[in-house]
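Below is one structure, written out as structure tokens; comments come after it.
The values are calculated or read from the model by the stated rules, or taken from the named source; none is laboratory data. This structure is a prediction, so every number in the text was calculated from the model and none was measured. Cβ coordinates were reconstructed from backbone atoms using ideal geometry, including for glycine residues, and neighbour counts include every protein chain displayed. Protein only, heavy atoms only, side chains kept; ligands, DNA and RNA dropped before computing areas. Shrake-Rupley method; radii C 1.70, N 1.55, O 1.52, S 1.80 Å.
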Amino acid sequence: MTEFFQSLGMNYEFAWFTATIAGILLIALPVMLAVAMVIYVDRKVWAAINLRRGPNVVGPFGLLQSFADALKVMLQETIIPSAANKGIFILAPIVTFTVALAAWAVVPFDAGVVLADINVGLLYILAISSLSVYGVVMAGWASNSKYPFFSAMRAAAQMISYEVSIGFILVCVVLFAGTFNLSGIVNAQAEFGLGVVNAFVVHPLIFPIWVMFFISCLAETQRVPFDLTEAESELVAGYQTEYSSMAFAMFWLGEYANILLMCILNALLFWGGWLPPIDWEPLYYVPGIVWLLLKTFMFFFFFSWVMATVPRYRYDQLMRLGWKVFLPLSLFFIVVISGYLMATGHFGGAA
Amino acid sequence: MIQTFAFYLFAVLVIASAVMVIMSRNPVHSVLWLILAFFNAAGLMVLVGAEFIAMLLVIVYVGAVAVLFLFVVMMLDIDFAELRAGFIKNFPLGIAIAAVLLAELVLGIGAYRVGAIELGTPDGESAPLLDRSNIESIGALLYRDYIFLFEAAGIILLVAMIGAIVLTHRKGPKDARGQQDIGKQNRRRPEEATVMKQPGIGTGVEL
């Protein structure tokens, strides 16, 4: 895109700057629109599973429900509790929202369609997702109120625990792909399964890894059954209790942007990204981004499905699953997968 | 131009937030400024082309260590008056440490300007080792050239970890709180946990 702006007569630096800003807008605005729509999808899926109708009043089939909610929230008064730590109280939703959008910089939407094609893309995503805990912790502490504080402490412990196993799981993927670059990881999945299936997940050693990754994603984004940070039966509304108006909406947007990011990561790392599921010529006529979005949507449906069917975990069960089940299992799989790859000569026959 | 601008932006922010870490009254604010300082240091590292180190800095220090700091500091009940009362008492010690640090800085910079020790040429030419990406160069160095030192570091860390576990692990009595049998919990059926009662009118239920 820089070349395009240079062809308009700008010098290189200004063209680069304009191109980056344009790229950020091209990603951030559709992500925001997608967040509004998946909130609607989420509510429709829960409704269908609960044999209800779900939102169906605002617009055709209730499609405009999220926009009506956004408008309502924007017109509310912003209330800052008098005992709150004002600066951090206001900063917390901004941090959540910014961090949720920043991770999208390295997500490739098609071959070569990526804002920042850095060769530590996966590490960048890990780093950014480890930052997302701060929004919650700051909100909980700054509210100066019991339940948000409990929620913040739960969030901190929960996200650190599951990041460890997510890290090990990603190492397994990197072992197969041989690169930290997300585009490189997707390209490594071309014709991976028996020369026809474009996905890592068909490999018998990767499938259990993917299952663990999916469950860890639920915990990392604080979705049911791991939504102990906003367990309404214990903590009112968790860290969001004292928030109103746009600040509340930014938490909401950030949370769903994170969920979408985790869905797209599932698609990119394990299910072939923008490649069609089967290496068959006619399927390549469908644009890559359609495949990617279809896969992402499938995982989002899984997320809603889990939310509508599974009851919430107890907190000690959550910690046990993270530290006593996933951590040893993922370490075990790193050893097994490295051994398998060495034995099959994956690393250039150096074995 | 952009690089110069970014360098000065990150550098000024690192120094400013580092100053704020020690200047701010509230310890939680201090930790948050510290996180900003880490983050900007990572930005500086990206700028010199060490993107792997930068990401590790964010993942390890910002993502894990600082969260634990924040966790502890948040739960402290801090008496600010008492904190400031200790200022006079610790003032001489603080001045002494500051003087030592200043002397070291002056000595270090002086030695560097004299150029007495040849530690290699810091002209940026040697940075892309082996003409490969950061991760590959670091991997090659750690796992090929310095494999034994690396393994030794790993063993030391393992020993430290085992030591921490041995020091803190206490085996309580079998039925104490915290000693749960997850298998037993999972095996529990409704029949053994609940009873059906049919109370007559006005008689109540005895459990």
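Numbers below:
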read-out: Lys pairs under 25 Å by Cα in the protein assembly as shown, provided they are eight or more residues apart or on distinct chains; value: 9
read-out: Whole-Hz ³J(HN,Hα) from phi, Karplus 6.51 cos²θ - 1.76 cosθ + 1.60, for the range B:21-28, glycine and proline x; value: 4, 8, 8, 6, 6, 8, x, 5
read-out: Per-pair calculated FRET efficiency, R0 = 45 Å: residue B:99 and residue A:83 via Cβ, rounded to 0.05; value: 0.60
read-out: Shielding of B:64-74 by partner chains, average beta-carbon count, 10 Å; value: 4
read-out: Residues with amide H under 5 Å from that of residue A:197, placed H, sequence gap 5 or more; value: A:192, A:279
read-out: Rg/Rg_ref, the range A:223-351, where Rg_ref = 2.2 N^0.38 Å and atoms are Cα; value: 1.43
read-out: Rg/Rg_globular for chain A, with Rg_globular taken as 2.2 N^0.38 Å and Rg from C-alpha atoms; value: 1.04
read-out: Heavy atoms of residue A:305 accessible to a 1.4 Å probe, total area in Å² rounded to 10; value: 120 Å²
read-out: Within 10 Å of each Cβ in A:119-129, the average number of Cβ atoms from other chains; value: 5
read-out: Intensity falloff of the range A:179-293 expressed as log10 I(q)/I(0), Debye formula with alpha-carbon point scatterers, at q = 0.10, 0.16, 0.22 Å⁻¹; value: -0.42, -0.81, -1.16
read-out: Folded to 0 to 90 degrees: helix A:245-270 orientation relative to chain A principal axis, Cα; value: 20 degrees
read-out: Residue-averaged beta-carbon neighbours from other chains (10 angstrom radius) around A:157-163; value: 2
read-out: Accessible carbon and sulfur surface of the range A:181-325 relative to its total accessible area, %, 1.4 Å; value: 72 percent
read-out: Calculated from backbone phi, Karplus (6.51, -1.76, 1.60) coupling profile of the range A:64-70 in Hz, x at Gly/Pro; value: 8, 4, 4, 5, 5, 4, 4
